[in-house]
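The values are calculated or read from the model by the stated rules, or taken from the named source; none is laboratory data. Just so we're clear, the structure is a prediction, and the values are computed from it rather than from any experiment. Cβ coordinates were reconstructed from backbone atoms using ideal geometry, including for glycine residues, and neighbour counts include every protein chain displayed.
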Amino acid sequence: MTENAIEIEGLRKTYAATGRSAAKEALKGIDLNIPRGSIFGLLGPNGAGKSTIINILAGLVNKSAGRVNIWGFDQDKNPRQSRAAIGIMPQEPNLDPFFTPRGSLEVQAGLYGVPKSQRRTDEILELIGLTDKAEAYARSLSGGMRRRFLLGKALVHSPQILVLDEPTAGVDIELRNMLWANVRRLNEELGMTIILTTHYLEEAQEMCDEIAIINHGELITRDTTANLLGRLDSKTMVITPAEPIAQPDVPAGITVASRKDGSLAFTYKPRETSAEAVLAAVHAAGIRIADVKTEEADLEDVFLALTSSR
Ligand SMILES: Nc1ncnc2c1ncn2[C@@H]1O[C@H](COP(=O)(O)OP(=O)(O)OP(=O)(O)O)[C@@H](O)[C@H]1O
Ligand SMILES: [Mg+2]
């Protein structure tokens, strides 16, 4: 059996033209394997094709071409098993307004054929912090509660793979932390494979072991988060001078910029220029240092470098 939770090969999707819009080629041949037990991030700008991939995994959108294997089951040959292995928290909440959270979770469990004796409705309500809203109409839930409820719905059949499409969009910080704590726990304690999309790159940087970046329906790159961060060979040393000073001349390999607060930002490539050399340049320019800090490239820089040129 394969070590991958998901295997995607040559995945293509063209949405058919409608009266109002032309046909759209949303996925142009994606190859992607997602290892079991990982927390995997799917990143990309608006319209890149992330939700299309996720909705194909969920069986909500039909692919135009390619092969999708979920937990060892080919989606076309074993649709039932491949669907049972995955739970999806969709980007667009689609709630039945007159159902209660408890009622909806029970219906969902029924749809997946989970026998009454094996249902975990109370446990899930507890996990998503909706125990006291268990009997409320869905339409009376706040936006954040609805998103939590969707997470609960994705979990009723105890899937091996949990997919979260923009789970924290429009969610407050406290709730976001709670959501991520839960997701981490599912990953660590149950070994659940987690796949997520997010527009908060710090969040991806913090949560994900590996990341794939999609743009215009193509896979731009896929790497461990650490490797991605290491790819941008750039560091900045920010010096606050003891007394105001004009922008100095610096040797090749270092660039300098004055900042509004009077500090000087020296940017260099750590693989070519040492911090020692930067400090030597600072001293040579006669700058006395009142304070110093360094700034490293973050996922946002990597992301922009990879997606903005296209
Ligand atoms: N049902 C649909 N019918 C026609 N075109 C669609 C449909 N769903 C998505 N698209 C188009 O396919 C492309 C990819 O959309 P998708 O929703 O997969 O992007 P995304 O990466 O999830 O973006 P976002 O970050 O905004 O959620 C977009 O150009 C979008 O307009
Ligand atoms: Mg989307």
Practice task
Look through 18, 14 and report the one residue that is more than 17 Å from the chain's Cα centre (by Cα), free of Cβ contacts under 8 Å to residues at least 40 places away in the same chain and more than 19 Å from residue 155 (Cα to Cα).
Solution key: 18
Practice task
May I ask you to list the residues in the range 70-92 that are of a type in the set (Val, Ile, Thr) and either surrounded by fewer than 17 Cβ atoms within 10 Å (Cβ to Cβ) or under 16 Å from residue 4 (Cα atoms) (or both)?
Solution key: 70, 86
Practice task
Could you grab the pairs with beta carbons closer than 6 Å, sequence gap of 6+ or different chains, first residue in the range 85-103 and free of Cβ contacts under 8 Å to residues at least 40 places away in the same chain, second one crowded, with 19+ Cβ neighbours inside 10 Å and not polar (S, T, N, Q)?
Solution key: 99/138
Practice task
Examine the range 56-69 for a residue that is under 25 Å from residue 183 (Cα atoms), in contact with a Phe, Trp or Tyr (Cβ under 8 Å, 6 or more places away or on another chain) and either crowded, with 18+ Cβ neighbours inside 10 Å or of a type in the set (Val, Ile, Thr) (or both), and state whether such a residue exists.
Solution key: no
Practice task
For residue 133, state whether it is of a type outside the set (A, V, I, L, M, F, W, C) and more than 11 Å from residue 89 (Cα to Cα).
Solution key: yes
Handout entry: strands (runs of 3 or more DSSP E) contained in the range 1-118 and holding at least 1 residues in contact with a Cys (Cβ under 6 Å, 6 or more places away or on another chain), away from ligand 1 (no atom under 12 Å from the Cβ) and closer than 24 Å to residue 190 by Cα
Key = 39-43
Problem - Residue match in the range 136-144 (condition: closer than 21 Å to residue 92 by Cα, in a helix (DSSP H, G or I), in contact (Cβ under 8 Å) with a residue 12 or more places away in the chain and under 25 Å from the mean Cα position of the chain (by Cα)) - result: yes
Exercise for the section: Starting from residues that are among the aliphatic types (A, V, I, L, M) and away from ligand 2 (no atom under 16 Å from the Cβ), keep the ones in the range 33-60 and report whichever is nearest to residue 169 (Cα to Cα). Expected result: 39
Exercise for the section: Assess whether residue 101 counts as being surrounded by 17 or more Cβ atoms within 10 Å (Cβ to Cβ) and modelled with pLDDT under 95. Expected result: yes
Exercise for the section: State all residues of the range 169-221 that are part of a strand (DSSP E or B) and either surrounded by fewer than 20 Cβ atoms within 10 Å (Cβ to Cβ) or without any contact (Cβ under 8 Å) to a residue 40 or more places away in the chain (or both); if no residue qualifies, say none. Expected result: 210, 218, 220, 221
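Residues checked against (1) more than 23 Å from residue 12 (Cα to Cα); (2) within 16 Å of ligand 2 (Cβ to nearest atom); (3) not aliphatic (A, V, I, L, M):
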site: 185; (1), (2), (3): yes, no, yes
site: 190; (1), (2), (3): yes, no, no
site: 193; (1), (2), (3): yes, no, yes
site: 204; (1), (2), (3): yes, yes, no
site: 216; (1), (2), (3): no, yes, yes
site: 221; (1), (2), (3): no, no, yes
site: 231; (1), (2), (3): yes, no, yes
site: 243; (1), (2), (3): yes, no, yes
site: 250; (1), (2), (3): yes, no, no
Handout entry: residue 148 in contact (Cβ under 8 Å) with a residue 12 or more places away in the chain, of a type in the set (D, E, K, R), assigned by TED's automatic domain parsing to the domain that holds residue 55 and not in a loop (DSSP other than H, G, I, E, B)
Key = yes
